[in-house]
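Beneath this line is the structure, given in C-alpha cells, with notes to follow.
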Amino acid sequence: MRLVLLGGAVLLLVIGAVCLVFGAVGAALWAFGVGGVTILGTLFERTLYKPVRTQSPLGPGWTRTKERFIDPESGKTVEVFYNATSGERQYVSPDTDRR
C-alpha cells in the first residue's frame with residue numbers, strides 16, 4: 001500500500017512539472033504541495049508511531065485500556081496502556097508480555 005501511495009505522489013510531482021511547463025502555475029503548486037506532503041508523510045510515518053513493547057509498563061498510574069488493534073507490521077494483537085498523570089500511551093503485544 002505504501003508503494004502505491006508513493007507512486008501516486010511521484011505521479012503528482014510529474015504532473016506538477018508538466019503543469020509548470022505549460023504555464024499553469026496554480027495547478028503546479030497544488031500538485032507539488034500534495035505530492036510532496038504525501039511523500040514526506042509516507043516516508044516518515046513510522047518514526048511518529050510508538051514502538052510495540054514486549055512488557056507492560058512499570059510504575060504507578062498505568063492502566064490497561066479497552067483499546068485493542070492488530071499491528072500491521074507483526075499481525076499480532078496490541079493492547080494500549082494509559083497513564084492519566086502524564087497522558088502517555090504505551091502499546092504492548094500481550095502475545096509477548098512475559099509478566
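The numbers here are math on the coordinates, done by the rules we state, and not lab data. All values reported here derive from a predicted model rather than from experimental measurement. So basically every Cβ, Gly included, is an ideal-geometry build from the backbone, and we count neighbours across all protein chains shown.
Brief remarks on what is shown
- Structure remark: mean-square fluctuation, Gaussian network model of the chain, C-alpha springs under 10 Å; the largest value among G23, G33, G41 belongs to G23.
- Against the chain, whose longest principal axis is taken from its Cα atoms, helix 25-48 shows a tilt of about 20°.
- Each pair of Cα atoms in the chain enters the Kirkwood radius, and Stokes-Einstein at 10 °C and 1.306 mPa s then converts it into a translational diffusion coefficient of 97 µm²/s.
- Fewest neighbouring Cβ atoms within 10 Å first, the residues R2, R89 line up as R2, R89.
- Nearest-ten-degree value, helix 2-21 long axis tilted from longest Cα axis of the chain: 30
- Taking the fewest neighbouring Cβ atoms within 10 Å as the starting point, the ordered list for V80, V92 is V80, V92.
- Within the chain, helix-based [θ] at 222 nm, where runs of 4 or more DSSP H residues each add -39,500 (n - 2.57), nearest 500: -15500 deg cm²/dmol
- Using C-alpha pairs under 8 Å with a sequence gap of at least 6, the mean separation divided by the residue count of the chain gives a relative contact order of 22 percent.
- The distance linking the range 69-86 with the range 20-39 is 37 Å (Cα centroid to Cα centroid, whole angstrom).
- Dimensionless Rg/Rh of the range 52-92 - Kirkwood Rh, Rg from C-alpha atoms: 0.98
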